[in-house]
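Only one structure is covered here, and it is reproduced in the block below.
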Number of protein chains: 2
Amino acid sequence: MQTIPRYDGYIFDLDGTIYLGDILLPGAAELLHTLRREGRRVTFLSNNPTKTRRQYAERLQRLGIAADEHEIVNSSAVMVEWLLANAPGASLFVVGEAPLIGELEAAGFPLSEKPGEIAFVVASFDRTFTYRKLQIAFDAIRAGARLVATNPDRFCPVPGGGEPDAAAIIAAIEACTDTRCEVIVGKPSPIMARTVTNLIGLPPERCIIVGDRLMTDIAMGVTAGMDTALVLTGDSQRADLERSPYQPTYVLERIDELIGGSGV
Amino acid sequence: MQTIPRYDGYIFDLDGTIYLGDILLPGAAELLHTLRREGRRVTFLSNNPTKTRRQYAERLQRLGIAADEHEIVNSSAVMVEWLLANAPGASLFVVGEAPLIGELEAAGFPLSEKPGEIAFVVASFDRTFTYRKLQIAFDAIRAGARLVATNPDRFCPVPGGGEPDAAAIIAAIEACTDTRCEVIVGKPSPIMARTVTNLIGLPPERCIIVGDRLMTDIAMGVTAGMDTALVLTGDSQRADLERSPYQPTYVLERIDELIGGSGV
């Protein structure tokens with residue numbers, strides 16, 4: 001068995017890494033408990049903008065893992081930070097669900113459906129998407145609005161299938177307007193990596209990012225200069241490593257191999 | 001002034017060529033009247049699947065131009081023909097508006113919203129598009145359905161703006177499923193060109209296609225081996241010719257230059 005040193009900061013993807021749907025993955029509870037006891041800093045990451053940070057914290061707590069909402073970074077939180085830094089006070093049209101809209105409003109951004117007033121169209125995972133929203137986005141962008149997005153995921157896995165995610169919304173708006181989305185803040189964007197390292201308060205070389213997706217979790221960690229661990233409990237199989245331009249530092253069958261647990 | 005020979009068959013784009021919105025373009029009525037009197041065959045083309053062929057004929061008649069619905073070829077009619085030839089009896093899920101759905105039903109195709117039953121997802125210009133339809137398309141394609149589309153247009157021009165067209169619907173479905181649409185039957189597809197030459201009953205070299213868009217009307221004519229005329233009354237300006245890989249046989253300020261009219 002490989003020996004993995006301890007890191008000062010641990011950044012965990014959630015779905016496929018800590019839990020799968022409503023089930024905690026083997027070894028996750030013991031791992032988190034050990035890291036907490038040792039005083040390691042812990043952060044949880046998600047590209048999903050359809051739940052608030054509080055909802056993620058509550059979900060972890062329900063599954064028996066101590067977590068505070070300030071330890072959660074999801075793509076809507078990063079979108080708020082990016083807009084505060086790059087376009088404070090900008091008028092937004094949000095193609096997204098209520099939690100994202102609520103977080104942007106709470107951060108003081110005015111919302112508008114009038115194309116001439118809209119400075120940014122924010123595209124997102126939106127199960128309430130309609131043609132009317134597409135029309136407003138189209139008119140706004142033709143009138144000069146900029147297009148940004150929360151996350152690049154094609155679909156969100158759900159038991160027995162998936163739900164069309166932000167990639168579909170972004171593609172629809174791009175196709176009719178013949179423009180490209182300027183910024184996608186979620187994984188693997190360095191914008192999300194920066195938000196996480198700021199939050200965790202440690203330089204990248206003292207952190208490890210742990211996730212189940214090569215093209216988001218591992219890609220972001222490699223690009224940000226962090227060590228990385230791919231867990232095989234979610235989206236990726238060992239065979240996927242051959243095709244991947246991003247290679248993790250470690251490959252784990254179970255997440256508790258990070259603390260020497262084998263479980264087998 | 002250029003001298004343009006007479007052709008046996010005339011294939012006209014509609015919007016920007018014969019009319020603009022509700023206004024007949026200069027010289028169009030006289031041109032059509034002359035061609036009819038001389039016994040030339042005439043066909044009208046549109047990529048727009050949101051109106052029936054009868055509605056197009058009625059619109060031309062209201063504008064003072066004799067036209068029968070059998071002289072109209074739009075992308076929904078070509079979709080019906082393509083499916084009859086390639087997938088007779090196939091079960092369809094249509095992401096489109098009522099006229100397209102009606103034409104497919106009238107041609108005998110069963111419609112379904114059950115992913116496992118759907119053989120083809122037909123993507124189209126759909127101002128009634130919702131996330132629910134995207135979800136059904138996603139589930140159907142993941143279960144093995146094939147993706148085809150009526151037309152490739154980014155947006156449909158309307159007075160003072162535009163409406164997101166089929167390109168947005170196609171892109172959304174492609175992005176979440178990571179598949180490519182197999183067939184887009186509308187202009188500039190050779191499938192539409194074949195439907196038109198079959199209908200007009202003349203070989204391509206005895207026909208001319210007349211339209212205002214280089215990348216659809218002129219591209220289709222050039223590819224099909226027809227002479228072509230670009231009219232500058234719609235989408236294209238003379239400067240667009242420099243960048244275009246498709247060059248028309250003639251460039252017209254007014255459509256009646258086809259019969260030696262100048263109007264100026």
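Dipole check for the stretch B:76-184: with +1 at the C-beta of Lys and Arg, -1 at the C-beta of Asp and Glu, and the Cα centre as origin, the magnitude is about 220 Debye.
For chain B, find the longest principal axis of its Cα atoms and tell me its angle to the long axis of helix B:131-142, 0 to 90°, nearest 10. With both axes taken from Cα atoms, the answer is about 80 degrees. Between helix B:53-62 and chain B there is an angle of about 30 degrees, using the helix long axis and the longest principal axis of the Cα atoms.
Summing charges over neighbours of B:Cys207, with a neighbour being any other residue whose Cβ is under 9 Å away from its Cβ, gives -1 when K and R count +1 and D and E count -1. The residues of the protein assembly as shown expose on average 41 square angstrom of accessible surface per residue, using a 1.4 Å probe on protein heavy atoms.
Among beta bridges identified by DSSP and lying wholly in the stretch A:16-162, the antiparallel ones come to about 25 percent. The residues B:Val185, B:Val222, sorted by heavy-atom accessible surface at 1.4 Å with ligands and nucleic acids left out, run B:Val222, B:Val185 from largest to smallest. State the percentage of accessible surface on the stretch B:76-184 attributable to carbon and sulfur atoms; use a 1.4 Å probe and exclude ligands, DNA and RNA. That share works out to 53 percent.
Across the stretch A:185-197, coupling constants 3J(HN,Hα) worked out from phi with the 6.51/-1.76/1.60 Karplus curve, θ = phi - 60°, read 6, x, 3, x, 4, x, 5, 5, 4, 5, 4, 5, 5 Hz, and Gly and Pro carry x.
Between copies, the label points of B:Thr128, set 7 Å from Cα on the Cα→Cβ line, lie 2.3 nm apart, reported in increasing order to one decimal in nanometres.
In the stretch A:125-146, comparing the full protein assembly with the chain on its own, the residues that lose 40 Å² or more of accessible surface at a 1.4 Å probe are A:Phe129, A:Tyr131, A:Phe138, A:Arg142. Need one word for the stretch A:76-184: rounded, prolate or oblate. Basis is the Cα gyration tensor (sqrt eigenvalues a ≥ b ≥ c); a/c below 1.5 gives rounded, then a/b vs b/c decides. Oblate, because a/c is 1.5 or more while a/b does not exceed b/c. Buried surface between chains A and B: roughly 2100 Å² of accessible area, summed over both sides, computed with a 1.4 Å probe on protein heavy atoms only.
Charged side chains reduced to their Cβ positions (Lys and Arg at +1, Asp and Glu at -1) give the protein assembly as shown a dipole of some 40 debye around its Cα centre. Checking the a/c ratio against 1.5 first, then a/b against b/c, what shape does the Cα gyration tensor give for the protein assembly as shown? Prolate is the answer for the protein assembly as shown, as a/c is 1.5 or above and a/b outweighs b/c. Whole Å is fine, so just give me how far the alpha carbon centre of the stretch B:120-165 lies from that of the stretch B:219-242. The distance from the Cα centre of the stretch B:120-165 to that of the stretch B:219-242 comes to 27 Å. Just so you know, the averaged projected area of the alpha carbon convex hull for chain B sits at 14.0 nm². Position A:Ser244: other-copy label points at 4.9 nm, ordered by increasing distance, label point 7 Å along Cα→C-beta. Distances from A:Leu63 to itself in the other copies, using label points 7 Å out along the Cα-Cβ axis, amount to 6.0 nm in increasing order.
The count of lysine pairs in the protein assembly as shown that are at least 8 places apart or cross chains, and whose C-alpha atoms lie under 29 Å apart, stands at 19.
The values are calculated or read from the model by the stated rules, or taken from the named source; none is laboratory data. What you are looking at is a predicted structure, and each value in this text was computed from that prediction instead of being measured. In this analysis, Cβ positions are derived from the backbone assuming ideal geometry, glycine residues included, and neighbour counts consider all displayed protein chains. Remember, those area values only see protein heavy atoms, side chains included, never the ligands or the DNA or RNA. Shrake-Rupley method; radii C 1.70, N 1.55, O 1.52, S 1.80 Å.
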